[in-house]
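Below is one structure, written out as structure tokens, with a few remarks after it.
The values are calculated or read from the model by the stated rules, or taken from the named source; none is laboratory data. Bear in mind that the values here come from a model prediction, so they are computed numbers and not experimental data. Cβ: placed from backbone, ideal geometry, glycine included. Neighbour counts: every protein chain shown. The protein model used for the area step is the full one, side chains on, heavy atoms only, and it has no ligands, DNA or RNA in it. Shrake-Rupley method; radii C 1.70, N 1.55, O 1.52, S 1.80 Å.
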Amino acid sequence: MDNSELDDILTAVREFVREKVVPLETQVEDEDAFPDAIIKESAEMGLFGWALPEQYGGLGLNAEQDALLAMELGYTTPSFRSLFGTNNGIAGQVLVNYGTDDQKSEWLPRLASGEVVASFALTESEAGSDPSGLRTKAVRDGDDYIINGSKRFITNAEASDVLIVFARTDPNATGSKGISVFLVPTKSEGVTVGPHDHKMGQAGAWTSEIFFDDVRVPAANLIGGEEEKGFYAAMASLNKGRLHIAAICVGQSIRILDESVRFAADAKQGGEPIARFQLVQAMLADIYTEVAAAKALVLSAAQRWDAETDRKLGPSSAKLFASEALARIADKGVQIQGGMGYMRESAVERFYRHARLFRIYEGTSEVQRVVVAKQLLKGAHKPQFNL
């Protein structure tokens, strides 16, 4: 996509987010759901398929373009992006990168249009940031597989039409070995989706447990047509997802910066704006500096992803820094507003709670540090710095 076309898309999304979604934030918080009209209009704008290939009805944005769009989407409650994030990201990318031609033709156009919502069913009680502890099993039975197990914290499960399910097909394998991935229609007999969770923040982004009790799926639903590709498919999707989440964190941070500057300019103590106080100015300066640094890091990592020169070090370091920076920025946003920042009607109070999850999902900060360190020891940073 050329720059002028991208600019038009970014402008349209920016206006939609700020004029239609931002005013709904307190309603979404109270009702834990988005109005159907917003979901419908999002689909009409192509937001269910921005990262899916054009040949299947998507916009085909590359990683850098995806990051720029994510920063616009991240300006409001992160649950807005979650409505279609799994279609574009961790679920959809498994099909894009590993699906057979028939699987892509059957599912990707419906994902891109918003007709179908997909969920990425990987996480279990003993398999989170590191999926090697996965226990869900898929046993071959003639022309079918029978799946048994459970998943938890699965985004969009309750609203989903199809599940991208990771299961161990080799009962004797351990760690990352023997994991395969399947397309499982949510209405399949034996699939039970629990009620959505009640979380600290991110109301409107539904996550649920899923239970598989002798769920029979055709062998044709084995993604890629081969067993034991699941771990690699998961890691590839998560690596790109980490880059996207880092960009969402930048968008969240920009929103908090805007709220903080506006409040400091308007609020008064002793008859003068608190923006006149140097310690408030220091917090504003720190917020801006971290926002700018996170944005530069994310875009640099996205450019290396597109150039195919770095698809591990960049995403993990960007996700680590941007999510940790968001936590610090959210804390300062509340501090600048003082007592008002602690009130539920305050945007920074909501964003403070939203921010906490970003250091956990798509790989915790601790996991990102391990990934970054391993990549450094392999010399992955040397081309970036001409060492």
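Values as computed for the structure displayed
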read-out	value
Most to least accessible of Asp161, Asp36 (protein chains only, probe 1.4 Å)	Asp36, Asp161
Span from the the stretch 195-231 Cα centroid across to the the stretch 82-101 one, whole angstrom	13 Å
Accessible area expressed per residue, the chain, with surrounding protein chains retained (probe 1.4 Å, Å²)	44 Å²
Mean-position separation - Cα centroids, the stretch 301-332 and the stretch 37-76, in angstrom	20 Å
Within the accessible area of the stretch 104-205 (1.4 Å probe), percent carbon and sulfur	47 percent
Relative contact order [Cα under 8 Å, 6+ residues apart], the stretch 83-147, whole percent	24 percent
Ala292 paired with Met235, simple spin-label distance in nm, labels 7 Å along Cα-to-beta-carbon	3.7 nm
Loop-resident sites, the stretch 283-375, for GluC sites (Glu not before Pro), counting at most 11 other Cβ within 10 Å (DSSP)	Glu308, Glu345
With all protein chains modelled, accessible area of Met340 [1.4 Å, Å²]	100 Å²
Exposed-loop-free span, longest in the chain, where trypsin sites (Lys or Arg not before Pro) count as exposed if DSSP calls them loop and at most 13 other C-beta atoms lie within 10 Å	188-343
Carbon and sulfur %, accessible surface of the stretch 289-387 computed with the full protein complex present, 1.4 Å	58 percent
Accessible-area value, Ile336, 1.4 Å probe, nucleic acids and ligands omitted, Å²	10 Å²
Prolate/oblate/rounded call for the stretch 1-117, Cα gyration tensor, a/c under 1.5 rounded	oblate
Two-decimal ratio, the chain, of alpha-carbon radius of gyration to 2.2 N^0.38 Å	1.00
Loop-located GluC sites (Glu not before Pro) in the stretch 75-126 whose Cβ has at most 16 other Cβ within 10 Å (DSSP)	Glu115, Glu126
The stretch 318-387 pair-distance distribution - Cα-Cα, 10 Å bins, rounded %	20, 34, 24, 14, 7, 0
Relative contact order [Cα under 8 Å, 6+ residues apart], the chain, whole percent	16 percent
In nm, spacing of pseudo-spin labels at Val22 and Lys177 (7 Å Cα→C-beta vector)	5.4 nm
Where Asp170, Asp2 fall by accessible area, highest first, once all protein chains stay in place (1.4 Å)	Asp2, Asp170
C-alpha long axis of helix 313-337 to longest principal axis of the chain, angle in °	40 degrees
